[in-house]
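Input: a single structure, listed below in structure tokens.
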Amino acid sequence: QVHLVESGGGLVQAGGSLRLSCAASGSIFRINDMGWYRQAPGKQRELVALVTRDGSTNYADSVKGRFTCSRDKVKNTVELQMNSLNAEDTAVYYCNAKNIKAGIHTYLEAWGRGTLVTVSA
């Protein structure tokens, strides 16, 4: 079993900052991609940022220049620094890991349970 646990969500005023963290556990040998998705009320889940194993990062256009995603491949952690937050960033943020080698198993994908970020106007 692979578990992803997020922390760091909360309520912040528009223009403020928050930092999300996620730790993966479960006898993990390797994770290919690791990052964050979000789901706003009434909307589909969308990619926020994803860091590949070789270190390249893909960001949603809506967060470029404001969010920074960083990953520690040794610790199997990923963080999301969110600056200049606005009301459109309000969502449940989910940690995601893809192509996970853990023990004798390979998992295509794993998700955290999500952490709520609320940005007040």
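The values are calculated or read from the model by the stated rules, or taken from the named source; none is laboratory data. Because the structure is predicted, anything quoted here is derived from the model rather than measured. Every residue, glycine as well, gets a Cβ built from its backbone with ideal geometry; the counts of neighbours run over all protein chains shown. The area values use the complete protein model at the heavy-atom level, side chains included, leaving out ligands, DNA and RNA. Shrake-Rupley method; radii C 1.70, N 1.55, O 1.52, S 1.80 Å.
For this structure, a couple of remarks:
- Against the test of being free of Cβ contacts under 8 Å to residues at least 24 places away in the same chain, within 22 Å of L11 (Cβ to Cβ), open to solvent by 10 Å² or more (accessible area, probe 1.4 Å) and under 13 Å from the mean Cα position of the chain (by Cα), the options T68, T57 yield a single qualifying residue, T68.
- Test: residue in segment 84-106 that is at pLDDT 95 or above, loosely packed, with under 12 Cβ neighbours inside 10 Å and assigned to a loop (DSSP other than H, G, I, E, B): no
- Which listed residue, of V74, V48, is loosely packed, with under 15 Cβ neighbours inside 10 Å and either closer than 19 Å to R113 by Cβ or without any contact (Cβ under 8 Å) to a residue 40 or more places away in the chain (or both): V74
- Positions within segment 7-45 being within 18 Å of G112 (Cβ to Cβ), open to solvent by 30 Å² or more (accessible area, probe 1.4 Å) and touching a Ser or Thr at 6+ places or on another chain (Cβ under 8 Å), in sequence order: S7, G8, G9, S21, A23, N32, D33
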